[in-house]
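Visitor: Dumping the structure here so I can ask a few things about it.
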Amino acid sequence: MPLVDPITMSSSLVKGAAAQAQATSSKAATVTSPSSTPLHPVQTKQTPLAQTARHALPALLAGLFLVRFGALVSDPVSAMTTALPVTAALQMSYAVLCLPAAGSQGAKPARKPRPGEKKRIGAEATGPNAFATSLLSLLLSLLVTPFLHAALVLFGAPFLTHGAHTLLCAAHLSLLALFPLFYVHGVDAAAWAAVGGFSAPFDETFGGLVGGAVGAWLGAVPIPLDWDREWQKWPVTILCGLYGGYVLGRVLGGTLLWGKKF
Amino acid sequence: MPPPNPTPKKGPPPDYKTIAAQFAAAKRAKEVEDADRKATGVQQQHQQQHQQHQGLEGEISERERRRARLETARRKAYQARWAWTAAFWVWLLCVHAVGIAYFTSGFLLTRLVLEEKSACDVPPTAVNTSSGGAAGVVVDLLPAWEGKGTVEGGCWHPRTFDRAVVVVIDALRYDFTVPVEDDELFHNAFPFLWETAVREPNRAFLRPFIADPPTSTLQRLKGLTTGTLPTFVDVGSSFSGTAIDEDNLLMQLRDAGKRIVHLGDDTWEALFPGYFQANLSRAYDSFNVWDLHTVDNGVMEHIFPLMERKSEWDLLIGHCLGVDHAGHRYGPSHPEMTKKLRQMDSFVRDLAATMDDRTVLIVMGDHGMDSKGDHGGESDDEVEAALWMYSPKGIFGRTKPEYATPPATAKVRPVNQIDLVPTLALLMGIPIPFNNLGRPIEEAFAGAAGKSWANLAAAERVTAAGIKRYQSAYFTARGIEQVSGAGSPSELWETAEALVSKGKKQDWPAIFSAFAVYQAETLHRCKALWARFDLKNMGIGIGIMALGVVALLVYVSKGDEDDVIDDEELDLAEKSLELQGITPDTASTPADTLDKSLVSAALVGALPGFIGGVISSFVSGVGDWYRGAGIAALTSIAAVIVRMYEAQDTVLRVLPKTLWGWMAVVFTVSQSVGFASNSYTIWEDSILLFFITTFGFVSALSALRLPSRADRYLAIYHSVVFIVLGRVASFSKLCREEQIPYCTSTYYASATSSTSAPWQLLIPFLVSAILPSILKAYLQTTRSYEGLAPAWIGYVFRTGLFMSALYWLLDAADNGNWIRGLPDKTLKNISVYTAQMVLGLAFVAGTTAFVWAPPCVSIVTSASPTQPSRAQVAILGYANAHGARYLLLPLNLLAACILLSKPMGGGVLGLMAWQMLALLEILDLNQLTTSSPIGPVMLAVLGTFHFFKTGHQAVLSTIQWDAAFIPLFTIRYPYSPLVVAFNTFAGQILAASAVPLLVLWKAGPKRKGLLESVSRALGAFVAYFAVESLATMAWAGHLRRHLMLYRVFGPRFMTAAVVLLVVDVVAIVVSLAGVRCNTMAIGEVFGWAE
């Protein structure tokens, strides 16, 4: 006589959590499984202009960073402030030139057009307006910035001091790593769940996110060293890791790793 | 399994027996019903239904008997398996202990102690110069004086004083004694020394007095009396004190028939037993840091009468501890410190007034104190003490006019503490102790005008000759050739001697500086020489540890898939087989025999190694019998690895297979690699926070992959809680010296204090209000807040926390003297008894309760929703039966640690407990509880992180010795060291005791193979610490010539080694024993699962 649950008369109760989860999920009205619709890798546009921009822009980004490195080290806040619009412009032109805007990809039909976009763009029927989408994505990236700031603080960034440094660093992180994803996925929850859960396939946008995040993470490594170098100050190394990782991740994601999954 | 909508009425308050009885009754009723139903199913085919029913009744009672037999057999088998597992862990502890002991014996400095003594009538100048060979060498620079070669006249140098009064003011830092233009409470409170040195330069001088680390009092007293350099290994004996048998000042005085009186710190009695005039001396307990006044008042009370009776003694030592204790207890920046320094000021003022021409008064600090008032290390503040000498005779001089004012900081013109030895010896006319390496202090021999160069040169030369004699004896004893050649001490000696024998008219200053150069070079070389390491022993130690790590890793990776899978069908089948009397051989599953075979392999492997080692040490005649232990450990580990290798296909299984596994490896390895850099060692706390946050983010992202939305939100919620709590805890900091200025200490009221700020006293009250409710919330998710849990967590645990909050309030009231007019020690008495009650509650009552507690479940009966006539029985808390009950054990430790960790530390440990629960939920939701090493490694990271957050660093000076006085009035063995250990390693101890929860949390009573899973989880947990220990060991050995060895690498290795042993012991004594208790209790009620 096995031990059974006296209520359900089933003996499948060894792991309470699993059973509970089943109970909850069967009860829950809407169960969204992130893996139900596999996410397709984002294909860049095939026009010559797009292909040129695709290769030139990362190089430009990296080159500008290298040029401005001295300024960044001597005065991080002002350098990051002046760089922010430049980076935003580069990212926006990258998005507009090379990436399909959210809702325009055939493989991934937008089930729910975003509110706000609906009225202006939906009527024109040929798909979303690239400029509007990029502006909206920019807005979203800026909205996310305070959360990234909080995340940086949680990782150990100064809490009360260096507020401008951390916020600008978060803004750069958001612009580089998240902006292209906002542009191609909008606020599609399933897509973001796949991206967040690292189950999305590699493409330029996702590769950029992974590269940027890992680069910024590794950027923290040299900070504690007692080398007394000017460039060790907050957040120069993080920014270095971010830009380097992002460019590398975006290039690799668009080429070697394209379509691959973790 | 809790019902989805529990609305049952609760039964009577459950206890152990009633639950078991209720459960048995419910089960029996169910069985009968089952059998009935089966019977009705076959009713049509059988006519003798009645008979069969009777037969069934009989069968059931037969089943009961069989079941009882089976249960007993299973309990026995479990106990045997547990014993073998425990034996394996004891073996591992031995391996770690042997490895650490081996490395330590080679790493900590050793110096050969020579037995020779200096003799009064044999000045070293005679020995050395005659060996030089040249005829007509000058034996003495000075013309013969009256009584030369006798103590009365002066053995090696004309005697200056008959008597000396040496007052040691423990931890008298140099800057306490000089004018400093700021408002620090510890500055400008002790001006007398400076004033006299400026006002009467011929009667007094003040100079910085640099201690050789380690700066513990016992080590300093050795240096101050023998004139030799200390060795690091002696620091451990600071608690017990061992007699000095080397030649020293006191021995020379005693042998010359002088009478020595000692007042104050009883460390002197331990170092010099039987030296002191018993009727005049008074010794006081030295470790009672809570007590600022007893020792000082005793010294002051007894010293002045002795000044009236100067004929009764020749050397008087007074050792005051008040300043040191004020530093330990409050930190330097405290009104108590000002008071104490002012008291010392007037004490020395009065004492100086009683001096006569034949007596010299020496006031000195034996070491300094760091910014928090502690000492032991080698930071500047710790080594910079003050030295002041005074005599009304007016013989002190300065060789340069600019030396008239005492140095403004300790960086200018410092003297070494060992320099006091030749100075005092020559002033009092006794021989300089044989092993001395110091040189005479200039001021004492330069004459009142500062022009007595002949006297100075003679003193310098006779001291240098003593050093030379000692050096040749030392090199002969060790059988090493002395270095020669340009710049070597022997060459410098020849140069100096050449100056002496040149002619009648001596160039005294040149001679003086030539010998001074010789002394400085010799001291420099000796310091380097005694930093000599026994590379062979260090190598063996590292080898043992490395092999031990390999064995542990193989053990951990062993048999992930051997884990018994919870297959209900299989369970059912097996159960019915068993009930039919076919008992499967319970003692032959592979997991059972693994530990057993490993332990036997270990023993068999150790035997030849031990015998071989002992024989080889006898044959080679080295006589280091302990070599046997090292070789035995090596062979034993080898045998175990081979046995494990036989039991599994490939060693490659050690490599992780999942992202989580890799994360565990990256955290452990990168940190261990980082220990090669002083920066990463210094900033370890920030790095651990970085890892904790990284894990939290990855787990939050991984939660997005979970299929169920509720699980997803839960997992993200717990991840966020885990991260945020870690960041909140990170605000509690105690910075080490190297972190400044990038770090601000928050653990105490200020960076220069060791008491809590008033607002910090609120923290323990908050913990007692909030923490039990959080625990309740975590238990209620599985409806496990049943059984003993409500009473224990809701009332007993909460009361314990409240009382420890009360303790810290009382302590602060006592420290700050908030309530005036109370009789002395009232608050101290109340607070100590409060603390004892908390500890009694946690350890005595807590352990008893844990052993006897019923499972945290409750059996409720309710009407069945489908058939109202039938009763339904549900067990609340069934799914977490193991985990909820085991949780009570870490909670007991938590209550004790919160009391012992000071208010800030208590709050941090509360956060740690919450984080551990969040971690359990995260792991459970991501199904990482048994198979992945990430759980144990994260617990280890958490434990180490909270080691730093409870006000510790990997340096000796952050040991909170005052914790010993939380539950006790005086030092008592073994309790005081235990209390300090609980204070120091609270984080790691809690983490180690919580490791079984990784497996037991949300494990129902029918889970199999729990012991094996727990043992493997413990293995991964201990592996983290073993790898750290191995890494710090290897780096400390590799960087043994590094500038930061004794500041950074050495202390980190010592921390890692002690932590490893502590964690091993806790794993056996708490975790494994707790799991055994827990499984027995669950098994008694629900039946044995395995």
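Visitor: How many residues does the range B:899-934 contain that are assigned to a helix (DSSP H, G or I), over 14 Å from B:Phe691 (Cβ atoms) and of a type outside the set (Lys, Arg)?
Guide: 23
Each row is one residue, and each column tells you yes or no for (1) in contact (Cβ under 8 Å) with a residue 24 or more places away in the chain; (2) not in a helix (DSSP H, G or I).
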{"residue": "B:Pro790", "(1), (2)": "no, no"}
{"residue": "B:Phe797", "(1), (2)": "yes, no"}
{"residue": "B:Met803", "(1), (2)": "yes, no"}
{"residue": "B:Ala813", "(1), (2)": "no, no"}
{"residue": "B:Pro823", "(1), (2)": "no, yes"}
{"residue": "B:Asn829", "(1), (2)": "no, no"}
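Visitor: Collect the residues in the range B:736-745 that are open to solvent by 10 Å² or more (accessible area, probe 1.4 Å) and away from chain A (no Cβ under 12 Å), keeping them in residue-number order.
Guide: B:Glu737, B:Ile740, B:Pro741, B:Ser745
Visitor: If I ask for residues that are in contact (Cβ under 8 Å) with a residue 40 or more places away in the chain and of a type in the set (A, V, I, L, M), which ones from the range B:271-298 would you list?
Guide: Listed by number, the residues that qualify are B:Leu271, B:Val289, B:Leu292.
Visitor: Inspect the range A:103-126 for any residue being loosely packed, with under 15 Cβ neighbours inside 10 Å, over 16 Å from A:Val42 (Cβ atoms), at pLDDT 90 or above and more than 14 Å from chain B (Cβ to nearest Cβ) and give the result as yes or no.
Guide: So far as the range A:103-126 goes, no, none of its residues is loosely packed, with under 15 Cβ neighbours inside 10 Å, over 16 Å from A:Val42 (Cβ atoms), at pLDDT 90 or above and more than 14 Å from chain B (Cβ to nearest Cβ).
Visitor: Pull out all pairs, ordered by first then second residue, where Cβ-Cβ is under 7 Å, the residues are six or more apart or on different chains, the first lies in the range B:673-684 and is free of Cβ contacts under 8 Å to residues at least 24 places away in the same chain and under 19 Å from B:Lys949 (Cα atoms), and the second is open to solvent by less than 20 Å² (accessible area, probe 1.4 Å) and in a helix (DSSP H, G or I).
Guide: Partner pairs satisfying both residue conditions: B:Tyr680/B:Gly674.
Visitor: Return the residues of the range B:671-694 that are more than 9 Å from every other protein chain (Cβ to nearest Cβ) and open to solvent by 50 Å² or more (accessible area, probe 1.4 Å); say none if nothing qualifies.
Guide: Correct list: B:Val673 only.
Visitor: Before we move on, is B:Ile959 open to solvent by 20 Å² or more (accessible area, probe 1.4 Å) and away from chain A (no Cβ under 14 Å)?
Guide: Criteria met by B:Ile959.
Visitor: Looking at B:Val851, B:Val860, which is the one that is in contact (Cβ under 8 Å) with a residue 40 or more places away in the chain, at negative phi and within 12 Å of another protein chain (Cβ to nearest Cβ)? Walk me through it before giving the result.
Guide: Details: B:Val851 fails: within 12 Å of another protein chain (Cβ to nearest Cβ).
Sole residue among the options that is in contact (Cβ under 8 Å) with a residue 40 or more places away in the chain, at negative phi and within 12 Å of another protein chain (Cβ to nearest Cβ): B:Val860.
Visitor: Could you list all residues from the range B:181-200 that are open to solvent by less than 40 Å² (accessible area, probe 1.4 Å) and assigned to a loop (DSSP other than H, G, I, E, B)?
Guide: B:Phe186, B:His187, B:Ala189, B:Phe190 - these are the residues of the range B:181-200 that are open to solvent by less than 40 Å² (accessible area, probe 1.4 Å) and assigned to a loop (DSSP other than H, G, I, E, B).
Visitor: Regarding B:Leu909, is this residue open to solvent by less than 10 Å² (accessible area, probe 1.4 Å), touching a Phe, Trp or Tyr at 6+ places or on another chain (Cβ under 8 Å) and either away from chain A (no Cβ under 14 Å) or without any contact (Cβ under 8 Å) to a residue 60 or more places away in the chain (or both)? Write out each step before concluding.
Guide: Numbers: open to solvent by less than 10 Å² (accessible area, probe 1.4 Å): yes; touching a Phe, Trp or Tyr at 6+ places or on another chain (Cβ under 8 Å): no; either away from chain A (no Cβ under 14 Å) or without any contact (Cβ under 8 Å) to a residue 60 or more places away in the chain (or both): yes.
Answer is no for this residue.
Visitor: Are there any pairs with C-beta distances below 9 angstrom linking a residue in the range B:355-367 that is among the basic types (Lys, Arg) to a residue that is surrounded by fewer than 24 Cβ atoms within 10 Å (Cβ to Cβ) and in a strand (DSSP E or B), with the two at least 6 apart or on different chains, and if so which?
Guide: Hits for this filter: B:Arg358/B:Arg163.
Visitor: Is at least one residue of the range A:192-210 more than 14 Å from chain B (Cβ to nearest Cβ), among the charged types (D, E, K, R) and either more than 20 Å from A:Ala101 (Cβ to Cβ) or assigned to a loop (DSSP other than H, G, I, E, B) (or both)?
Guide: Keep residues of the range A:192-210 that are more than 14 Å from chain B (Cβ to nearest Cβ), which gives A:201-205, A:207-208.
In the following step, the residues that additionally are among the charged types (D, E, K, R) were identified as A:203-204.
Imposing the further condition that a residue be either more than 20 Å from A:Ala101 (Cβ to Cβ) or assigned to a loop (DSSP other than H, G, I, E, B) (or both) reduces the set to A:203.
Yes.
Visitor: If you don't mind, another one. Examine the range B:444-464 for a residue that is modelled with pLDDT under 90, surrounded by fewer than 17 Cβ atoms within 10 Å (Cβ to Cβ) and over 30 Å from B:Ser391 (Cα atoms), and state whether such a residue exists.
Guide: Checking the range B:444-464: not a single residue is modelled with pLDDT under 90, surrounded by fewer than 17 Cβ atoms within 10 Å (Cβ to Cβ) and over 30 Å from B:Ser391 (Cα atoms).
Visitor: Could you please give the count of residues in the range B:337-365 that are open to solvent by less than 10 Å² (accessible area, probe 1.4 Å) and farther than 22 Å from B:Glu184 by Cβ?
Guide: Our first condition is that a residue be open to solvent by less than 10 Å² (accessible area, probe 1.4 Å); within the range B:337-365, this holds for B:337, B:340-341, B:344, B:347-348, B:351-352, B:359-365.
Applying the additional criterion that residues be farther than 22 Å from B:Glu184 by Cβ yields B:351-352, B:359-362.
The total comes to 6.
Visitor: Still on this model: Which condition does B:Leu779 not pass, out of (1) away from chain A (no Cβ under 14 Å); (2) open to solvent by less than 20 Å² (accessible area, probe 1.4 Å); (3) touching a Leu at 6+ places or on another chain (Cβ under 8 Å), if it passes all the others?
Guide: Status for B:Leu779: all satisfied but (1).
Visitor: For the range A:132-149, give me each residue that is open to solvent by 50 Å² or more (accessible area, probe 1.4 Å) and within 12 Å of chain B (Cβ to nearest Cβ).
Guide: A:Phe147
Visitor: Mind checking which residues of the range A:226-237 are surrounded by 16 or more Cβ atoms within 10 Å (Cβ to Cβ) and within 12 Å of chain B (Cβ to nearest Cβ)?
Guide: Selection gives A:Trp234 alone.
Visitor: Moving to a separate point now. Here are some residues: B:Ala940, B:Ala881. Which one is at pLDDT below 95, buried (at least 24 other Cβ atoms within 10 Å of the Cβ) and within 21 Å of B:Leu1011 (Cα to Cα)?
Guide: Only one candidate qualifies: B:Ala881.
Visitor: Same structure again: Which is touching a residue at least 40 places away in the same chain (Cβ under 8 Å), open to solvent by less than 50 Å² (accessible area, probe 1.4 Å), over 30 Å from B:Ala715 (Cα atoms) and away from every other protein chain (no Cβ under 14 Å), of A:His172, A:His165? Show your work before the answer.
Guide: Values: A:His172 fails: over 30 Å from B:Ala715 (Cα atoms).
After ruling out the rest, the residue left standing is A:His165.
Visitor: Looking only at the range B:695-727, how many residues end up being within 7 Å of chain A (Cβ to nearest Cβ) and of a type in the set (Ser, Thr, Tyr)?
Guide: So the answer is 2.
The values are calculated or read from the model by the stated rules, or taken from the named source; none is laboratory data. For clarity, every value in this text was computed on a predicted model and none was experimentally measured. Cβ atoms come from the backbone with ideal geometry, glycine included; neighbour counts cover every protein chain shown. Please note that ligands, DNA and RNA were not included when accessible areas were found on the heavy atoms of the full protein model with its side chains. Shrake-Rupley method; radii C 1.70, N 1.55, O 1.52, S 1.80 Å.
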